Amino acid sequence: MLVAIQINDQEIKVGTWENNKLTLSSSFPTPTTLEEFNTLITLAVNDIKKSSTISGIALSIPGIIDYQTGTITGGSGISYLENTTLVNNFKKEFDVPVTLSSDSDSAALGLIKSEKEPITSSIILSIEHIISGSFIINNQLWQGAHKVAGEVGELLINDTPWSKIGAPDVMAEQYNKLTGKDFDANTVFDLGNTSDPQANEVVKKFFHILAEGIFNLQHTLDPARIYFTGAITKHPELLPLLEDELTTLKHTYHFTHSPILDLSTLNDEAILRGSIAYFEAKNN
(Lines give C-alpha, C1' and ligand atoms only; values in the text may rest on other atoms or scores of the structure.)
Protein backbone atom coordinates (compact mmCIF):
# COMPACT_ATOMS: atom_id res chain seq x y z
CA MET A 1 0.00 0.00 0.00
CA LEU A 2 1.18 3.51 -0.88
CA VAL A 3 0.37 6.58 1.17
CA ALA A 4 -0.26 9.84 -0.70
CA ILE A 5 -0.11 13.15 1.16
CA GLN A 6 -1.28 16.40 -0.42
CA ILE A 7 -0.01 19.49 1.40
CA ASN A 8 -1.02 23.11 0.91
CA ASP A 9 -1.20 26.16 3.14
CA GLN A 10 -4.83 25.48 4.10
CA GLU A 11 -5.23 21.73 4.44
CA ILE A 12 -3.40 18.41 4.40
CA LYS A 13 -5.06 15.35 2.88
CA VAL A 14 -3.84 11.81 3.38
CA GLY A 15 -4.90 8.98 1.09
CA THR A 16 -3.98 5.37 0.41
CA TRP A 17 -3.45 3.57 -2.89
CA GLU A 18 -4.00 -0.15 -3.08
CA ASN A 19 -5.23 -2.43 -5.86
CA ASN A 20 -5.54 0.60 -8.17
CA LYS A 21 -7.96 2.28 -5.78
CA LEU A 22 -7.46 5.61 -4.05
CA THR A 23 -9.08 6.08 -0.64
CA LEU A 24 -9.02 9.29 1.38
CA SER A 25 -7.84 8.34 4.85
CA SER A 26 -7.84 11.65 6.73
CA SER A 27 -7.58 15.42 6.40
CA PHE A 28 -6.79 18.27 8.78
CA PRO A 29 -5.96 21.99 8.70
CA THR A 30 -2.33 22.76 7.91
CA PRO A 31 -0.43 23.26 11.18
CA THR A 32 1.27 26.56 11.94
CA THR A 33 4.54 25.04 13.20
CA LEU A 34 6.94 22.36 12.00
CA GLU A 35 6.65 20.49 15.30
CA GLU A 36 2.87 20.21 14.99
CA PHE A 37 3.19 19.27 11.31
CA ASN A 38 5.54 16.40 12.14
CA THR A 39 3.28 15.23 14.97
CA LEU A 40 0.07 15.18 12.92
CA ILE A 41 1.68 13.57 9.86
CA THR A 42 3.24 10.86 12.03
CA LEU A 43 -0.11 10.17 13.69
CA ALA A 44 -1.87 9.94 10.32
CA VAL A 45 0.68 7.58 8.78
CA ASN A 46 0.99 5.43 11.91
CA ASP A 47 -2.79 5.10 12.00
CA ILE A 48 -2.66 3.59 8.50
CA LYS A 49 0.20 1.31 9.53
CA LYS A 50 -1.95 -0.20 12.28
CA SER A 51 -3.92 -2.17 9.68
CA SER A 52 -1.66 -2.19 6.60
CA THR A 53 1.96 -2.39 5.55
CA ILE A 54 2.99 0.70 3.60
CA SER A 55 5.52 0.45 0.78
CA GLY A 56 6.12 4.15 0.17
CA ILE A 57 4.94 7.73 0.57
CA ALA A 58 4.09 10.14 -2.26
CA LEU A 59 4.11 13.81 -1.26
CA SER A 60 2.80 16.77 -3.25
CA ILE A 61 3.02 20.46 -2.37
CA PRO A 62 2.72 23.83 -4.13
CA GLY A 63 5.90 25.70 -4.94
CA ILE A 64 9.33 25.20 -6.46
CA ILE A 65 10.82 21.75 -5.89
CA ASP A 66 14.50 20.83 -6.04
CA TYR A 67 13.97 17.33 -7.36
CA GLN A 68 17.60 16.38 -6.81
CA THR A 69 17.48 16.96 -3.06
CA GLY A 70 13.76 16.58 -2.31
CA THR A 71 13.61 20.14 -0.99
CA ILE A 72 10.95 22.86 -1.33
CA THR A 73 12.87 26.00 -2.24
CA GLY A 74 9.99 28.49 -2.27
CA GLY A 75 6.41 29.38 -3.10
CA SER A 76 4.66 26.81 -0.92
CA GLY A 77 2.99 29.27 1.42
CA ILE A 78 4.30 27.16 4.34
CA SER A 79 7.50 28.87 5.43
CA TYR A 80 8.58 26.24 7.96
CA LEU A 81 8.75 23.56 5.25
CA GLU A 82 10.83 25.55 2.82
CA ASN A 83 14.52 24.69 2.51
CA THR A 84 14.04 21.58 4.63
CA THR A 85 15.01 18.17 3.27
CA LEU A 86 11.44 16.95 3.45
CA VAL A 87 12.04 13.70 1.57
CA ASN A 88 14.97 12.68 3.77
CA ASN A 89 12.99 13.55 6.91
CA PHE A 90 10.13 11.29 5.83
CA LYS A 91 12.49 8.48 4.84
CA LYS A 92 14.16 8.65 8.23
CA GLU A 93 10.86 8.69 10.11
CA PHE A 94 9.05 5.93 8.22
CA ASP A 95 11.86 3.89 6.61
CA VAL A 96 10.16 3.60 3.19
CA PRO A 97 10.82 5.18 -0.23
CA VAL A 98 9.50 8.74 -0.46
CA THR A 99 8.95 11.08 -3.43
CA LEU A 100 8.07 14.75 -3.53
CA SER A 101 6.42 16.45 -6.51
CA SER A 102 4.92 19.89 -7.01
CA ASP A 103 1.16 20.17 -7.08
CA SER A 104 1.28 21.34 -10.69
CA ASP A 105 3.39 18.34 -11.73
CA SER A 106 1.03 16.09 -9.79
CA ALA A 107 -1.94 17.76 -11.48
CA ALA A 108 -0.32 17.19 -14.88
CA LEU A 109 0.20 13.51 -14.16
CA GLY A 110 -3.33 13.26 -12.81
CA LEU A 111 -4.63 14.86 -15.99
CA ILE A 112 -2.70 12.39 -18.13
CA LYS A 113 -4.17 9.53 -16.12
CA SER A 114 -7.71 10.89 -16.32
CA GLU A 115 -7.92 11.73 -20.03
CA LYS A 116 -9.14 9.05 -22.41
CA GLU A 117 -7.20 10.50 -25.36
CA PRO A 118 -3.44 11.25 -25.35
CA ILE A 119 -2.51 14.88 -24.65
CA THR A 120 -0.16 16.18 -27.34
CA SER A 121 0.76 19.57 -25.88
CA SER A 122 -0.71 21.36 -22.87
CA ILE A 123 0.39 23.57 -20.02
CA ILE A 124 -0.99 23.55 -16.49
CA LEU A 125 -0.58 26.93 -14.79
CA SER A 126 -0.90 27.07 -11.01
CA ILE A 127 -1.81 30.61 -9.90
CA GLU A 128 -1.21 30.60 -6.15
CA HIS A 129 1.34 32.39 -3.95
CA ILE A 130 3.64 32.08 -6.93
CA ILE A 131 3.04 31.29 -10.58
CA SER A 132 4.22 27.81 -11.49
CA GLY A 133 3.35 25.26 -14.11
CA SER A 134 3.90 21.97 -15.83
CA PHE A 135 4.35 20.97 -19.44
CA ILE A 136 2.69 17.93 -21.00
CA ILE A 137 4.23 16.86 -24.31
CA ASN A 138 3.19 13.70 -26.13
CA ASN A 139 1.23 12.56 -23.09
CA GLN A 140 4.29 12.79 -20.82
CA LEU A 141 5.24 15.22 -18.07
CA TRP A 142 8.23 17.08 -19.47
CA GLN A 143 10.60 18.41 -16.80
CA GLY A 144 13.66 19.20 -18.93
CA ALA A 145 17.32 18.38 -18.43
CA HIS A 146 17.50 19.82 -14.91
CA LYS A 147 13.86 19.18 -13.90
CA VAL A 148 13.01 22.88 -13.83
CA ALA A 149 10.84 23.01 -16.96
CA GLY A 150 7.52 24.42 -15.86
CA GLU A 151 8.95 26.82 -13.28
CA VAL A 152 7.46 29.55 -15.39
CA GLY A 153 7.27 32.00 -12.51
CA GLU A 154 11.00 32.57 -13.06
CA LEU A 155 10.43 33.89 -16.60
CA LEU A 156 11.63 37.48 -16.77
CA ILE A 157 9.16 40.24 -17.57
CA ASN A 158 10.69 43.71 -17.49
CA ASP A 159 13.80 42.23 -15.80
CA THR A 160 11.71 40.79 -12.95
CA PRO A 161 10.58 37.18 -12.38
CA TRP A 162 6.95 36.74 -13.43
CA SER A 163 5.89 35.54 -9.95
CA LYS A 164 7.32 38.64 -8.30
CA ILE A 165 5.20 41.02 -10.37
CA GLY A 166 2.27 38.88 -11.53
CA ALA A 167 1.18 36.54 -8.73
CA PRO A 168 -2.15 37.21 -6.96
CA ASP A 169 -0.37 37.96 -3.68
CA VAL A 170 1.52 40.77 -5.44
CA MET A 171 -1.79 42.22 -6.61
CA ALA A 172 -3.03 42.20 -3.00
CA GLU A 173 0.20 43.81 -1.75
CA GLN A 174 -0.13 46.60 -4.30
CA TYR A 175 -3.72 47.28 -3.30
CA ASN A 176 -2.94 47.26 0.42
CA LYS A 177 -0.03 49.64 -0.13
CA LEU A 178 -2.32 52.05 -1.97
CA THR A 179 -5.15 51.87 0.58
CA GLY A 180 -3.57 50.94 3.90
CA LYS A 181 -5.84 47.90 4.14
CA ASP A 182 -4.98 44.24 4.68
CA PHE A 183 -7.00 42.30 2.11
CA ASP A 184 -6.10 39.00 0.50
CA ALA A 185 -5.93 38.43 -3.25
CA ASN A 186 -9.41 36.96 -3.59
CA THR A 187 -10.97 39.95 -1.84
CA VAL A 188 -9.06 42.42 -4.03
CA PHE A 189 -10.06 40.44 -7.12
CA ASP A 190 -13.74 40.75 -6.13
CA LEU A 191 -13.31 44.49 -5.53
CA GLY A 192 -12.08 44.79 -9.11
CA ASN A 193 -15.72 44.37 -10.16
CA THR A 194 -16.79 47.38 -8.10
CA SER A 195 -16.21 51.11 -8.39
CA ASP A 196 -13.09 50.89 -6.19
CA PRO A 197 -10.48 52.72 -8.33
CA GLN A 198 -7.43 51.22 -6.60
CA ALA A 199 -8.83 47.70 -7.02
CA ASN A 200 -9.61 48.38 -10.67
CA GLU A 201 -6.05 49.56 -11.20
CA VAL A 202 -4.26 46.60 -9.61
CA VAL A 203 -6.61 43.98 -11.08
CA LYS A 204 -6.16 45.40 -14.57
CA LYS A 205 -2.38 45.30 -14.07
CA PHE A 206 -2.63 41.71 -12.81
CA PHE A 207 -4.41 40.59 -15.98
CA HIS A 208 -2.01 42.44 -18.25
CA ILE A 209 1.07 40.84 -16.66
CA LEU A 210 -0.60 37.42 -16.55
CA ALA A 211 -1.44 37.72 -20.23
CA GLU A 212 2.12 38.80 -21.10
CA GLY A 213 3.52 35.68 -19.47
CA ILE A 214 1.02 33.43 -21.22
CA PHE A 215 1.72 35.17 -24.53
CA ASN A 216 5.41 34.31 -24.08
CA LEU A 217 4.59 30.72 -23.18
CA GLN A 218 2.43 30.17 -26.24
CA HIS A 219 5.36 31.27 -28.39
CA THR A 220 7.65 28.85 -26.53
CA LEU A 221 5.62 25.62 -26.51
CA ASP A 222 2.65 26.48 -28.75
CA PRO A 223 0.27 24.44 -26.56
CA ALA A 224 -3.13 23.34 -27.76
CA ARG A 225 -4.60 24.07 -24.34
CA ILE A 226 -3.66 25.83 -21.10
CA TYR A 227 -5.31 24.66 -17.88
CA PHE A 228 -5.47 26.91 -14.80
CA THR A 229 -5.45 25.79 -11.18
CA GLY A 230 -5.29 27.72 -7.93
CA ALA A 231 -7.61 29.63 -5.62
CA ILE A 232 -7.98 32.52 -8.06
CA THR A 233 -9.69 30.21 -10.55
CA LYS A 234 -12.87 30.17 -8.47
CA HIS A 235 -13.71 33.58 -9.96
CA PRO A 236 -15.90 33.04 -13.06
CA GLU A 237 -14.64 36.19 -14.75
CA LEU A 238 -11.01 34.99 -14.77
CA LEU A 239 -11.00 33.42 -18.24
CA PRO A 240 -13.13 36.04 -20.06
CA LEU A 241 -10.97 38.90 -18.76
CA LEU A 242 -7.77 37.01 -19.54
CA GLU A 243 -8.96 36.16 -23.05
CA ASP A 244 -9.75 39.85 -23.67
CA GLU A 245 -6.23 40.83 -22.62
CA LEU A 246 -4.66 38.11 -24.76
CA THR A 247 -6.75 39.20 -27.76
CA THR A 248 -5.36 42.72 -27.38
CA LEU A 249 -1.79 41.38 -27.32
CA LYS A 250 -2.49 39.11 -30.28
CA HIS A 251 -3.75 42.02 -32.37
CA THR A 252 -0.94 44.31 -31.25
CA TYR A 253 1.78 41.85 -32.21
CA HIS A 254 -0.01 40.30 -35.20
CA PHE A 255 -0.17 36.77 -33.84
CA THR A 256 -2.91 34.61 -35.32
CA HIS A 257 -3.02 31.52 -33.10
CA SER A 258 -4.12 31.10 -29.50
CA PRO A 259 -4.40 28.09 -27.20
CA ILE A 260 -7.70 27.12 -25.64
CA LEU A 261 -7.87 28.43 -22.07
CA ASP A 262 -9.59 26.16 -19.60
CA LEU A 263 -10.09 25.79 -15.86
CA SER A 264 -8.76 22.51 -14.59
CA THR A 265 -11.55 20.22 -13.47
CA LEU A 266 -9.04 18.09 -11.57
CA ASN A 267 -10.01 17.63 -7.96
CA ASP A 268 -7.82 16.76 -5.01
CA GLU A 269 -8.19 13.08 -5.84
CA ALA A 270 -6.51 13.65 -9.19
CA ILE A 271 -3.60 15.50 -7.57
CA LEU A 272 -3.17 12.67 -5.08
CA ARG A 273 -3.35 10.22 -7.98
CA GLY A 274 -0.74 12.24 -9.86
CA SER A 275 1.66 12.16 -6.91
CA ILE A 276 1.24 8.38 -6.83
CA ALA A 277 1.98 8.19 -10.56
CA TYR A 278 5.17 10.17 -9.94
CA PHE A 279 6.16 7.79 -7.13
CA GLU A 280 5.50 4.76 -9.34
CA ALA A 281 7.54 6.20 -12.19
CA LYS A 282 10.50 6.78 -9.87
CA ASN A 283 10.36 3.44 -8.07
CA ASN A 284 9.52 0.94 -10.82
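The values are calculated or read from the model by the stated rules, or taken from the named source; none is laboratory data. What you see is a predicted model; the values in this text were computed from it and never measured. Quick reminder, even Gly has a Cβ in these numbers, built from the backbone with ideal geometry, and neighbours come from all protein chains shown. Quick note on the areas: whole protein, heavy atoms, side chains included, nothing else; ligands and nucleic acids left out. Shrake-Rupley method; radii C 1.70, N 1.55, O 1.52, S 1.80 Å.
In the stretch 71-90, which residue that is small (Gly, Ala, Ser), assigned to a loop (DSSP other than H, G, I, E, B) and open to solvent by 10 Å² or more (accessible area, probe 1.4 Å) is farthest from residue 145 (Cα to Cα)?
Step one: filter the stretch 71-90 for residues small (Gly, Ala, Ser), giving 74-77, 79.
In the following step, the residues that additionally are assigned to a loop (DSSP other than H, G, I, E, B) were identified as 75-77.
Applying the additional criterion that residues be open to solvent by 10 Å² or more (accessible area, probe 1.4 Å) yields 75, 77.
Working: 75: 22, 77: 27 Å.
Per the criteria, the residue is 77.
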Query raised in the report: For residues in the stretch 9-25 being in contact (Cβ under 8 Å) with a residue 40 or more places away in the chain and either in contact with a strand residue (DSSP E or B) (Cβ under 7 Å, 6 or more places away or on another chain) or aromatic (Phe, Trp, Tyr) (or both), which is least open to solvent (accessible area, probe 1.4 Å)?
Result: 15
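Quick check on my filter: what residues within the stretch 153-164 are out of contact with any strand residue (DSSP E or B) (no Cβ under 6 Å at 6 or more places or on another chain) and either crowded, with 20+ Cβ neighbours inside 10 Å or at negative phi (or both)? Can you show your working first?
Initial filter on the stretch 153-164 (out of contact with any strand residue (DSSP E or B) (no Cβ under 6 Å at 6 or more places or on another chain)): 155-161, 164.
Once the filter is applied, which keeps residues that are out of contact with any strand residue (DSSP E or B) (no Cβ under 6 Å at 6 or more places or on another chain) and either crowded, with 20+ Cβ neighbours inside 10 Å or at negative phi (or both), the stretch 153-164 yields 155, 156, 157, 160, 161, 164.
Applying the selection to the stretch 52-70, what residues are β-branched (Val, Ile, Thr) and surrounded by fewer than 24 Cβ atoms within 10 Å (Cβ to Cβ)?
The initial filter retains those residues of the stretch 52-70 that are β-branched (Val, Ile, Thr), namely 53-54, 57, 61, 64-65, 69.
Matches in the stretch 52-70: 53, 54, 64, 69.
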Requested in this report: Report, by residue number, each residue of the stretch 26-51 that is outside any helix (DSSP H, G or I) and surrounded by fewer than 13 Cβ atoms within 10 Å (Cβ to Cβ).
Outcome: 29, 32, 33, 50, 51
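Yes or no, residue by residue, for (1) modelled with pLDDT under 95; (2) among the charged types (D, E, K, R); (3) under 23 Å from residue 284 (Cα atoms):
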| residue | (1), (2), (3) |
| --- | --- |
| 9 | yes, yes, no |
| 13 | yes, yes, no |
| 21 | yes, yes, yes |
| 36 | no, yes, no |
| 75 | yes, no, no |
| 79 | yes, no, no |
| 84 | yes, no, no |
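In the stretch 91-104, which residue that is without any contact (Cβ under 8 Å) to a residue 40 or more places away in the chain and under 16 Å from residue 283 (Cα atoms) is most open to solvent (accessible area, probe 1.4 Å)?
95
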Query raised in the report: What pairs come up if the first residue lies in the stretch 105-128 and is in contact (Cβ under 8 Å) with a residue 12 or more places away in the chain and closer than 14 Å to residue 152 by Cα, the second is in a loop (DSSP other than H, G, I, E, B) and open to solvent by 10 Å² or more (accessible area, probe 1.4 Å), and their beta carbons are under 6 Å apart, counting only those six or more places apart or on different chains?
Result: 126/230; 127/230; 128/62; 128/230
Query raised in the report: How many residues are among the β-branched types (Val, Ile, Thr), outside any loop (DSSP other than H, G, I, E, B) and either open to solvent by 30 Å² or more (accessible area, probe 1.4 Å) or within 19 Å of residue 189 (Cα to Cα) (or both) when one looks only at the stretch 236-271?
Result: 4
Query raised in the report: From the set of residues in the stretch 165-197 that are under 21 Å from residue 212 (Cα atoms) and among the aromatic types (Phe, Trp, Tyr), which is surrounded by the most Cβ atoms within 10 Å (Cβ to Cβ)?
Result: 175
